[in-house]
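Here is the structure we will look at, set down as structure tokens.
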Amino acid sequence: MLRLSKLTDYAVVVLVRLSGGAAVQTSPGIAAATGIPEPTVAKVLKALAAGGLVSSQRGAHGGYRLSKPLDTIPIAEVIAAIDGPIALTACVDGSLTSCEVIGLCPVRGRWDPVNTAIREALTAITLADMQQAAIPRAFRIPPSGVVIPGVVPGPVAEPASATSLPIAE
């Protein structure tokens, strides 16, 4: 099974959290808002800063902020910042590890197309896509100008207030 590390999952949560609210957020503040332990948030932010996804600001009003908007950050960049290059096996081009049986392997280099397909799929999905997917479909607001089949555009009716309802006795 192909599985991302827990730190990569936390990194996505931290980045999405940084996209909302204040311009600069602190590690303890992010930890409190997300439920991720503060030392883990600090570790994730350090790796994300090294990967160029967040920038830090020192001082009394310091903290972290996104380096670019969520819709320009592909999931592949987050994975690479936390776990290193995306590689399924040791013999894939760009892997940081080496294979012990590289000279005898009958499928040497055959994983490259699979690795490329996975990398391309992860590059096509941005953090904004992840953030949007977290909102239940019934509560998503379509972009302006989008027509939803079965929905008649028009003014939204105001809900009846408690004082305007008839009282049954």
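Before moving on, here are some points about what is shown:
- For segment 1-50, the helices (runs of 4 or more DSSP H) that sit wholly inside it and include 3 or more residues that are in contact (Cβ under 8 Å) with a residue 40 or more places away in the chain are 6-18.
- Close pairs from segment 52-75: first without any contact (Cβ under 8 Å) to a residue 12 or more places away in the chain, partner among the β-branched types (Val, Ile, Thr) and loosely packed, with under 13 Cβ neighbours inside 10 Å, Cβ under 8 Å, at least 6 apart: none
- Filtered by the rule that a residue be over 28 Å from Ala87 (Cα atoms) and either of a type in the set (Val, Ile, Thr) or loosely packed, with under 15 Cβ neighbours inside 10 Å (or both), segment 1-37 gives Gly20, Gly21, Ala22, Ala23, Val24, Thr26, Pro28, Ile30, Ala32, Thr34, Gly35, Pro37.
- Only a single item in (1) of a type in the set (S, T, N, Q); (2) within 27 Å of the chain's Cα centre (by Cα); (3) modelled with pLDDT of 60 or more is not met by Ser98, and it is number (2).
- Hits in segment 62-77 - residues which are surrounded by fewer than 19 Cβ atoms within 10 Å (Cβ to Cβ) and part of a helix (DSSP H, G or I): Leu70, Asp71, Thr72
- Enumeration of residues in segment 15-41 that are in contact with a helix residue (DSSP H, G or I) (Cβ under 7 Å, 6 or more places away or on another chain) and among the hydroxyl-bearing types (Ser, Thr, Tyr): Ser19, Ser27, Thr34, Thr40
- Qualifying positions in segment 51-61 - out of contact with any strand residue (DSSP E or B) (no Cβ under 7 Å at 6 or more places or on another chain) and either assigned to a helix (DSSP H, G or I) or among the small types (Gly, Ala, Ser) (or both): Gly51, Gly52, Gly59, Ala60
- Scope segment 80-92; condition in contact (Cβ under 8 Å) with a residue 40 or more places away in the chain and buried (at least 20 other Cβ atoms within 10 Å of the Cβ); matching residues: Ala81, Ile82
The values are calculated or read from the model by the stated rules, or taken from the named source; none is laboratory data. Quick caveat: nothing in here was measured; it's all calculated off a predicted structure. Positions of Cβ are backbone-derived with ideal geometry, glycine not excepted, and every protein chain shown enters the neighbour counts.
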